[in-house]
Amino acid sequence: MSGGDNLEFEIRPNPAPVGDAERAALLANPGFGRIFTDHMVTIRYADGKGWYEPRVEARAPIPMDPASAVLHYAQEIFEGLKAYTLPDGGVAMFRPDANAARFAQSAQRMAMPPLPVEMFLQSLHEIIEIDRSWLPTSDEGSLYLRPFAYASEVFLGVRPSMEYLYLVIASPVGPYFSGGVKPVSVWVTPDYTRAAPGGTGAAKCGGNYAAGLSAQAEAIENGCDQVVYLDAIERKYIDELGGMNVFFVLDDGSLVTPPLTGTILPGITRDSVIKLAERAGRKVEERPVSLDEWRTGSASGRIREAFACGTAAVITPIGKVRSAADEFVIADGGTGEVTAELRKQLVDIQRGRADDPFGWVHRVL
Ligand code: PLP
Ligand code: COI
């Protein structure tokens, strides 16, 4: 590949970065996805040329022709991962190789050229290095990295674009839910599904999230934090939430989570939870769970806990489930013991406070 092997990023530092005092004020209460660092990464792609001009530059609006393919046919993919301040002041990312692999899978599903894994990883290193002063040092804070790529060819024909732009932006964040780490309520949407077999449910493409916005609005109208989707065929089995996977904890201490059949996102947190639970001697079953099983299991005590998991949400307990038919609470609606234990284990590894038996922590600085 001509351009694809060139890992030499051209660095063009932001001539007017945010000052120390302003940055400190922003970092005091970052929220989620509201504030951004001084730089971004850009890499271009053209058919026949490969990936070229890898660059670190000042974060700025991207000039875009109104006929850019992404604006019409949504050929776009993204990733989300976090970098953390380590106890010794260093910086590490959590499982970036897994995000690189999923980015390539999403690219394949959306008929986009895969970005070489080395370039993906290098691009994350570059932005962390230049914007390291934006890394929160608080217990709940991290630097959320958002790599993404879109069809930039100026053309209205419906076919894969022949040009793409890959970017990475970075956002210092606190907890995803404004209530912090406390149980959330979920709305079982009767009207919408997220993904059908053969669709794009397993890809991290923007279109999946656009299609979920009405369902999320419905959740809010019904007093819930997040939407939970049922399978598109039988409208019976739990798929996942709008931006998180789901786990159930049974009364024998085992875990159950919906299987990866192509309609849900293969979450990296989901995979990490499975490995951590199994290491602790817990049984983990990947099998369909119906809404009915969730309801009757919560009533009988067979299902003791439920939690959502993802990069943004980490591990967040689910306290209450609401549907068009009824509402039920899981146990006492609080944070379950196993949920809290898994969350602590995961966060301690991510933040370099515990051993890293699976080699997940990728030190950058
Ligand atoms: N499911 C959806 C739809 C998501 O958007 C996310 C978030 O990335 C997840 C699950 C969890 O994936 P991960 O743990 O890799 O962040
Ligand atoms: C993530 O967890 O990285 C996501 O993409 C989910 C989104 C709801 C922010």
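Can you give me the distance in nm between label points at Ala25 and Arg363, each placed 7 Å from the Cα along the Cα-to-Cβ direction?
My value for the distance between the label points is 3.7 nm.
Using 0.36 nm per residue of separation minus the Cα-Cα distance, give me the extension gain between Glu8 and Glu278 in nm, one decimal.
Answer, rounded to one decimal: 93.1 nm.
Any idea which of Met119, Gly48, Gly89 is furthest toward the positive side of the dipole for the stretch 21-177, if Lys and Arg beta-carbons carry +1 and Asp and Glu beta-carbons -1?
With unit charges placed on the Cβ atoms, the residue in question is Gly48.
Mind checking the alpha-carbon convex hull of the stretch 7-132 and giving the volume per residue in Å³?
Cα-based convex hull of the stretch 7-132, divided per residue, equals 147 Å³.
Identify the GluC sites (Glu not before Pro) of the stretch 268-365 meeting these criteria: DSSP loop state and at most 16 other C-beta atoms within 10 Å of the C-beta.
Of the GluC sites (Glu not before Pro), not one in the loops of the stretch 268-365 has a Cβ with at most 16 other Cβ atoms within 10 Å.
Along the three principal axes, how long is the stretch 159-235 when you take its alpha carbons, biggest first, rounded to the nearest angstrom?
If we take the Cα atoms of the stretch 159-235, the spans are 44, 39, 18 Å.
Per Stokes-Einstein, at 20 °C and 1.002 mPa s, what whole-number D in µm² s⁻¹ belongs to the stretch 306-365, with the Kirkwood radius over Cα pairs as the hydrodynamic radius?
Once the numbers are plugged in, D ends up at 160 µm²/s.
Using a Förster distance of 30 angstrom, determine the FRET efficiency expected from the C-beta separation of Ala196 and Glu285, and round it to 0.05.
Between Ala196 and Glu285 the formula returns 0.80.
Pick from Ile330, Ile127, Ile62 the residue whose mean-square fluctuation is largest in a GNM of the chain, springs joining Cα atoms under 10 Å.
Of Ile330, Ile127, Ile62, the most mobile in the Gaussian network model is Ile62.
When the chain is fully extended, how far beyond the present Cα-Cα distance does Glu140 get from Asp348, taking 0.36 nm per residue of separation?
73.7 nm
Report the label-to-label distance for Leu213 and Glu337 in nanometres (one decimal), using points 7 Å from each Cα along the Cα→Cβ vector.
4.4
Could you state the orientation-averaged shadow area of the convex hull built on the Cα atoms of the stretch 184-350, in nm² to one decimal?
Mean shadow area of the hull around the Cα atoms is 8.8 nm².
Find which of Gly198, Val321, Leu241 sits farthest along the positive direction of the dipole of the chain, computed with +1 on the beta-carbon of Lys and Arg, -1 on that of Asp and Glu, about the Cα centre.
Sorting the options by dipole projection puts first Val321.
Along the three principal axes, how long is the chain when you take its alpha carbons, biggest first, rounded to the nearest angstrom?
Sorted from largest, the Cα extents of the chain read 61, 52, 36 Å.
Taking neighbour counts of Cβ atoms within 10 Å as a proxy for exposure, in what order, fewest first, do Leu250, Leu124, Leu241, Leu7 appear?
Ordered by Cβ neighbours within 10 Å, fewest first: Leu7, Leu250, Leu124, Leu241.
Considering the zone a paramagnetic label at Phe78 would reach in this model (a point 7 Å from Cα along the Cα-to-Cβ line), which residues of the stretch 112-154 have amide N under 15 Å from it?
Residues passing the 15 Å test: 144-151.
Over the chain, with a Gaussian network built from C-alpha contacts below 10 Å, which listed residue (Ser142, Ser214, Ser171) shows the highest mean-square fluctuation?
Fluctuation is largest for Ser214.
Pulled fully out, how much extra length does the chain show between Tyr52 and Glu234, if you take 0.36 nm times their separation in residues and subtract their Cα-Cα distance?
Full extension from Tyr52 to Glu234 adds 60.9 nm.
In the stretch 199-251, which GluC sites (Glu not before Pro) are in a loop and have at most 13 other Cβ atoms within 10 Å, using DSSP for the loop call?
Passing both the DSSP loop test and the Cβ count: Glu234.
List the residues of the stretch 270-287 whose backbone N lies under 17 Å from a point placed 7 Å from the Cα of Asp355 along the Cα-to-Cβ direction.
275-282
Using the structure shown, list the pairs from Lys182/Lys344; Lys236/Lys275; Lys182/Lys275; Lys82/Lys320; Lys204/Lys283; Lys275/Lys320 with a Cα-Cα distance above 20 Å, or answer none.
Pairs exceeding 20 Å: Lys236/Lys275; Lys182/Lys275; Lys82/Lys320; Lys204/Lys283; Lys275/Lys320.
Only Lys, Arg, Asp and Glu count, each charged at its Cβ (+1, +1, -1, -1), so figure out the dipole size of the chain about its Cα centre, rounded to 20 debye.
Computed about the Cα centre, the dipole is about 220 debye.
If you put +1 on each Lys and Arg Cβ and -1 on each Asp and Glu Cβ, how big is the dipole of the stretch 1-114 around its Cα centre, in Debye rounded to 20?
Taking the Cα centre of the stretch 1-114 as origin, the dipole is about 320 debye.
If I take every Cα pair under 8 Å that is 6 or more residues apart in the stretch 20-70, average their sequence separation and divide by the length, what percent do I get for the relative contact order?
Rounded, it is 27 percent for the stretch 20-70.
When only alpha-carbon atoms are used, what values of Rg and Dmax, in angstrom, describe the stretch 58-178?
Rg then Dmax for the stretch 58-178, in Å: 16.0, 53.
Got a sec? Charge dipole of the stretch 184-350, +1 on Cβ for Lys and Arg, -1 for Asp and Glu; which of Pro266, Ile303, Val227 is way out at the positive end?
Result: Pro266, furthest along the dipole toward the positive end.
What is the order of Met162, Met93, fewest Cβ neighbours within 10 Å to most?
Starting with the residue having the fewest Cβ neighbours, the order is Met162, Met93.
Over the chain, what relative contact order in percent results from Cα pairs under 8 Å that are six or more residues apart?
Relative contact order for the chain comes out at 18 percent.
Report the Cα centroid-to-centroid distance between the stretch 8-58 and the stretch 286-325 in angstrom, as an integer.
Value for the Cα centre distance between the two parts: 38 Å.
Coordinate-derived values only; no laboratory data. Since this is a predicted model, take the numbers as computed values, not measurements. As a convention, Cβ positions derive from the backbone with ideal geometry for all residues, glycine included, and neighbour counts pool all protein chains shown.
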